[in-house]
Amino acid sequence: MNLQHINIKFFIENPEDVKLEEYSEVFNNWIQRRVTAGLLIDVADYLHVHNGPGMVLIGHEADYSLDNRAGRLGLLYNRKAQLDGSIQEKLTQAAQAALTAARLLEKENGVKFHGQEVQVLINDRLLAPNTAETFAALEPDLRTFFDRLYNGTEYSLTYQNADPRERFTVDVKAGARFDVETLLKTLSVEGETAHA
């Protein structure tokens, strides 16, 4: 399967301390400073949408957003441009890009992420429909990736199959706490490089 359009979301530990309206300025600053490897273009404010996409930093290759869907605030990385490589390489790229942005938010804005919970979405209903068959096809790759990310720590992998109209989504929860730095180190030890 030539999987594309991988989305990965890391959840915020202190959502009550995050004022989303302040992040338009933060993200515009990221555009000026060129903080990602990819081209950043604009900022879109969806704060009027209840439990919606929040504040979105629009890029050419990928978008970053402080996403509040399902009432859970987190940093969502949305890969838009196609990427060559294996599913493992694409998952690694998405995770590294999201974690690198999360680390920047932690250092500069006081946001705290808890890395033991992750959501993986595939934003391609044709290639990866929200079905048990897609989960069966992707589960081995997802397990290989999270075995590596969580360095052998036990975790649960839960497929959300409630509505076939929704994007394919898997929730992952590790049995131990992980911070952003630890997860980035684990990925970089493998010698992979993110191309956000």
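The values are calculated or read from the model by the stated rules, or taken from the named source; none is laboratory data. Because the structure is a prediction, the values reported are computed rather than measured. All Cβ positions, even for glycine, are placed from backbone atoms using ideal geometry, and neighbour counts span all protein chains on display. Ligands, DNA and RNA are excluded from the accessible area calculation, which covers all protein heavy atoms including side chains. Shrake-Rupley method; radii C 1.70, N 1.55, O 1.52, S 1.80 Å.
Residues in segment 170-183 that are within 17 Å of Thr92 (Cα to Cα) and either in a loop (DSSP other than H, G, I, E, B) or of a type in the set (Val, Ile, Thr) (or both): Val170, Val172, Phe178, Asp179, Val180, Thr182. When segment 61-93 is limited to residues that are outside any strand (DSSP E or B) and basic (Lys, Arg), the one that is least open to solvent (accessible area, probe 1.4 Å) turns out to be Lys90. Sub-7 Å Cβ pairs linking a first residue in segment 140-167 that is in contact (Cβ under 8 Å) with a residue 40 or more places away in the chain and in a helix (DSSP H, G or I) to a second residue that is open to solvent by 40 Å² or more (accessible area, probe 1.4 Å) and among the acidic types (Asp, Glu), at least 6 apart or interchain, are Arg148/Glu190, ordered by first then second residue.
Take Lys19 and tell me if it is of a type in the set (Lys, Arg) and touching a residue at least 12 places away in the same chain (Cβ under 8 Å).
Numbers: of a type in the set (Lys, Arg): yes; touching a residue at least 12 places away in the same chain (Cβ under 8 Å): no.
So Lys19 fails the test.
Please determine, by comparing only the residues of segment 139-178 that are of a type in the set (Asp, Glu) and more than 14 Å from Gln116 (Cα to Cα), which one is surrounded by the fewest Cβ atoms within 10 Å (Cβ to Cβ). The residue in question is Asp163. Looking at Ala136, Ala97, Ala101, just one residue is more than 17 Å from the chain's Cα centre (by Cα) and either acidic (Asp, Glu) or at negative phi (or both), and that residue is Ala136.
The residue list Ile12, Ile41, Ile31, Ile58 contains one member that is of a type in the set (Val, Ile, Thr) and open to solvent by 60 Å² or more (accessible area, probe 1.4 Å), which is Ile41.
For segment 1-15, which residues satisfy the criterion of being closer than 18 Å to Leu99 by Cα and part of a loop (DSSP other than H, G, I, E, B)? Lay out the reasoning, then the answer.
Step one: of segment 1-15, the residues closer than 18 Å to Leu99 by Cα are 5-15.
Selection gives His5, Glu13, Asn14.
All of (1) open to solvent by 20 Å² or more (accessible area, probe 1.4 Å); (2) modelled with pLDDT of 95 or more; (3) not acidic (Asp, Glu) hold for Gln96 with one exception: (1). Pairs linking a residue in segment 58-87 that is hydroxyl-bearing (Ser, Thr, Tyr) to a residue that is not in a strand (DSSP E or B), with Cβ atoms under 6 Å and 6 or more positions apart or on different chains, are Tyr64/Ala101; Ser65/Pro53; Tyr77/Ala94; Tyr77/Ala97; Tyr77/Ala98. Each residue in segment 56-79 was checked for being within 18 Å of Val180 (Cβ to Cβ) and either modelled with pLDDT under 95 or among the basic types (Lys, Arg) (or both), and 1 of them qualify.
From the list Leu121, Leu127, the one residue that fits, being touching a residue at least 40 places away in the same chain (Cβ under 8 Å), buried (at least 17 other Cβ atoms within 10 Å of the Cβ) and either of a type in the set (A, V, I, L, M, F, W, C) or closer than 20 Å to Val56 by Cα (or both), is Leu121. Applying the selection to segment 16-51, what residues are in a loop (DSSP other than H, G, I, E, B), under 21 Å from Ala94 (Cα atoms) and of a type outside the set (Val, Ile, Thr)? Once the filter is applied, which keeps residues that are in a loop (DSSP other than H, G, I, E, B), under 21 Å from Ala94 (Cα atoms) and of a type outside the set (Val, Ile, Thr), segment 16-51 yields Arg34, Ala37, Gly38, Leu39.
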